[in-house]
Amino acid sequence: MWTHATAYGGASVDHFRGVSEEIRTDVVTWGVRVSRWLAAIAMIPMSFMILMPALVRGGLYGSRDRRALVVALRHSPARGLGALLGILMVVVAVVCAAYLLVVMWAVESRSGVLLSVVTSLGVALPWVLLLWGVAGGVLLVLPILRSESASKSIGEETPEGDRWVIESLAARTAADGAAAFMLAARTLRAFPPGRVLAAGARTKNLREGYERLGFEVGEENRVYRVT
């Protein structure tokens, strides 16, 4: 999860710095490093909501050192939404159950201070989580809306068939970028013949990386490949 958060958080910071089209580098000032780190923390809830459904659906592939990952899923918005809602329901149920247990413990201990702290936490925590999620959503979505790339990976040029989408291609640092593409290449080789793989490249460099993997370029930086 941290790999995904650092990759997309760092990409968002580079976008707002106006260097998103340049080759990513780890040789940056301390101010940029801190900004990337803070953006990665803000991205954690969004990374959770992206990666957990992919894990449930069997579409999450990671390198052995966990510094690069690929998310490749069958193109099915209904299945993706169902997996996300199921995970969110489980998370909400677990959090509520844990909170009730803490409240019961505070009441049982007859500690007014502890009960006051738990009550305040119950009021503040939902707002903190909401703001955290909104911050990550802004960092993820705003660069996509401001870019010239398509927001969807499937377009008119994408061949019909058993369509799969590469939803994430992430590396923790610039030095791990090659590992991410090597992981993507291994993932592609493991797919059976006949699958149609599609992806949206946010930048020119990412599009060129997909081209080196054998993808064809479509409109608005979309790419596709038939295995």
**Request:** Can you tell me the 0 to 90 degree angle between the C-alpha axis of helix 30-56 and the longest principal axis of the chain, rounded to 10?
**Result:** 90
**Request:** Quick one: angle between helix 112-146 and the longest Cα principal axis of the chain, in degrees between 0 and 90, rounded to 10, please.
**Result:** 20
**Message:** Once R0 is set to 45 Å, what does the formula 1/(1 + (r/R0)^6) return for the Cβ-Cβ distance between A93 and E156, expressed as a FRET efficiency to the nearest 0.05?
**Reply:** 0.60
**Complete:** Distance in Å, no decimals, from the C-alpha centre of the stretch 181-227 to the one of the stretch 14-63 is 20
**Qualifying trypsin sites (Lys or Arg not before Pro) for the stretch 137-227 [loop in DSSP, other Cβ within 10 Å: at most 15]** = K152
**Request:** Count the DSSP beta bridges whose two residues both fall in the stretch 103-227, then state the antiparallel fraction as a percent rounded to the nearest 5.
**Result:** 65
**Complete:** Fewest-first ordering of H15, H4 by Cβ atoms within 10 Å yields H15, H4
**Prompt:** To the nearest 10 degrees, how steep is helix 2-17 against the longest Cα principal axis of the chain, on a 0 to 90 scale?
**Reply:** 70
**Fill in**
Per the helix-only model, the chain has a calculated mean residue ellipticity at 222 nm (DSSP H runs of ≥4, -39500 (n - 2.57) each, divided over all residues, rounded to the nearest 500) of -20500 deg cm²/dmol
**Asked** Using only the Cα atoms of the chain, what do you get for the radius of gyration and for Dmax, in Å?
**Response** 20.3, 67
**Asked** By count of other Cβ within 10 Å, fewest leading, how are D65, D162 ordered?
**Response** D65, D162
**Item:** Within the stretch 27-52: backbone nitrogen closer than 11 Å to the V19 label point (7 Å, Cα to C-beta)
**Value:** 27-33
**Message:** With a cut-off of 8 Å between alpha carbons and a minimum separation of six or more residues, what is the relative contact order of the stretch 75-227 in percent?
**Reply:** 21
**Prompt:** Once both labels are modelled 7 Å past Cα along the beta-carbon direction, what's the T29-R79 spacing in nm?
**Reply:** 4.7
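Read the figures in this text as sums done on the coordinates, not as results from a lab. Just so it is clear, the model here is predicted, and its values are computed rather than measured. Cβ sites come from the backbone with ideal geometry, for glycine too, and all protein chains shown count toward neighbours.
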